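Heads up: the structure comes next, in structure tokens.
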Amino acid sequence: MIDPFGRHISYLRVSVTDRCDFRCVYCMAEDMTFLPKAEVLSLEELERLCTAFVRRGVKKLRLTGGEPLVRKNVMSLFRGLGKHLDSGALEELTLTTNGSQLAKYAQELADIGVRRVNVSMDTLDPDKFRQLTRWGDLDQVMRGLDAAQRAGLAIKINAVALRGVNDGEFDEMIRWSHGRGMDLVLIEVMPMGEIGDATRLDQYLPLSLARTEIARHFTLTETDYRTGGPARYFRVEETGGRLGFITPLTHNFCESCNRVRLTCTGTLYMCLGQEDAADLRGPLRASESDEVLDRAITEAIARKPKGHDFIIDRRNSGPAVPRHMSVTGG
Ligand code: SAM
Ligand code: SF4
């Protein structure tokens, strides 16, 4: 699949549920309304959709959410998709998780063929963690990390940089994650969805500032390491570990975008930061053969926009797109 700007689309991210066992303050409002279950695709339908994309040349699949591991029976979806790893059609099957259920599932994921997981953790302070996630238990996530490492999974820690919350902790997080052999990636907060009292301007910390601060204590050497995602990686000479920055706001990352995103209702978003979307649920259910679906996918890819229009400043502190990250999948 090649889009109008010549970009090869080889990466599909799938939000398998919009539900979550946490309520991170930058991601969700406390009283989130979730989709009625009737609107959500079954796991069998999700598998059929993903398979259609794999047939069309998707090489990397990431399951995300919401929290993918809280969806009932989600392991059956992983198992189904794992077959494409065995056949060689798919190169990588992976997930982004908050880690709360990893202790339970890490070994099974590894057995299916998952090699890497992204675990989101914004602070190492249990009290702060509870506040940020509104009720998450850091210890439980730590047990999940232990289990994942025991199962041989490579781990990347994702941390959203939040002004006045975790900006004093980056040095410690670098030492901790690299000490355990895990990559660390810092992410700029993106203006997606209403989140209650907090405004984005309060939370927003440009990573250019974070990097300058980190560079006072560590030597950062630019690398050309890539994971297929938008992060730019540096080697931290003092730890030997990798530190990535995802900077959608201060540094546009769209030119090399190779991905599209599917929601759990079968809506395909061709860009994280734009409203245009294609319904694939209708075509999926229209017939047992995949012909109609294939046509809908082709039409959608032909509409992939050049890039996002995210901006956060004093005049623009509301959401740039009304949907939450948990809908489209981070
Ligand atoms: N629940 C899983 C987790 O937290 O890893 C997967 C879904 S979550 C929406 C995926 C990623 O998006 C997480 O790393 C989270 O920190 C990030 N995220 C959520 N809302 C965001 C926002 N407004 N700006 C930037 N990143 C955000
Ligand atoms: Fe849940 Fe992930 Fe959003 Fe946090 S960032 S509320 S864990 S979906």
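Every read-out reported here was derived from the displayed coordinates using simple, explicitly stated rules and does not represent laboratory data. It should be emphasised that the depicted structure is a prediction, and the values quoted were computed from it without experimental measurement. Positions of Cβ are backbone-derived with ideal geometry, glycine not excepted, and every protein chain shown enters the neighbour counts.
Annotations for the structure displayed:
- Selected from ARG285, ARG48, ARG261 as most flexible by GNM, with the chain as the system and alpha-carbon contacts under 10 Å: ARG285
- Qualifying chymotrypsin sites (Phe, Trp or Tyr not before Pro) in the stretch 93-197, DSSP loop, other Cβ atoms within 10 Å at most 13: TRP135
- Cα-Cα over 30 Å, subset of LYS37/LYS104; LYS37/LYS306; LYS72/LYS156: LYS37/LYS306
- The charge dipole of the stretch 11-328, taken about the Cα centre with unit charges on the Cβ atoms of Lys, Arg (+1) and Asp, Glu (-1), comes to about 580 debye, rounded to the nearest 20.
- Most fluctuating residue given options LEU124, LEU46, LEU109, as computed from a GNM of the chain linking Cα atoms under 10 Å: LEU124
- Candidates LYS72, LYS104, LYS304, ranked by Gaussian network fluctuation over the chain, Cα under 10 Å, top entry: LYS72
- Highest-first packing order for the peptide set 203-212, 91-100 is 91-100, 203-212, based on the mean count of other beta carbon atoms within 10 Å.
- Restricting the GluC sites (Glu not before Pro) of the stretch 268-310 to loop positions (DSSP other than H, G, I, E, B) with no more than 10 neighbouring Cβ atoms within 10 Å leaves GLU288.
- From the alpha carbon centroid of the stretch 1-42 to that of the stretch 45-118 is 14 Å.
- For the stretch 22-126, a Kirkwood radius taken over Cα pairs fed into Stokes-Einstein (10 °C, viscosity 1.306 mPa s) yields D = 106 µm²/s.
- Within the chain, CYS20, CYS50, CYS254, CYS257, CYS264, CYS271 have no other Cys Cβ under 4.7 Å of their Cβ and so lack a disulfide-compatible partner by this rule.
- The angle between the Cα long axis of helix 43-55 and the longest principal axis of the Cα atoms of the chain comes to about 90 degrees, rounded to the nearest 10.
- Kirkwood radius for the stretch 21-81, taken over all pairs of different Cα atoms as the inverse mean of 1/r, rounds to 13.4 Å.
- Total formal charge among the other residues, if their Cβ is under 9 angstrom from that of LEU77, Lys/Arg +1 and Asp/Glu -1: 0
- Angle in degrees between helix 291-301 and the longest Cα principal axis of the chain, rounded to the nearest 10: 40 degrees
- Debye-formula intensities of the stretch 11-328, expressed as log10 I(q)/I(0) at q = 0.08, 0.15, 0.16 Å⁻¹, are -0.35, -1.34, -1.55 (one equal scatterer per alpha-carbon, no solvent).
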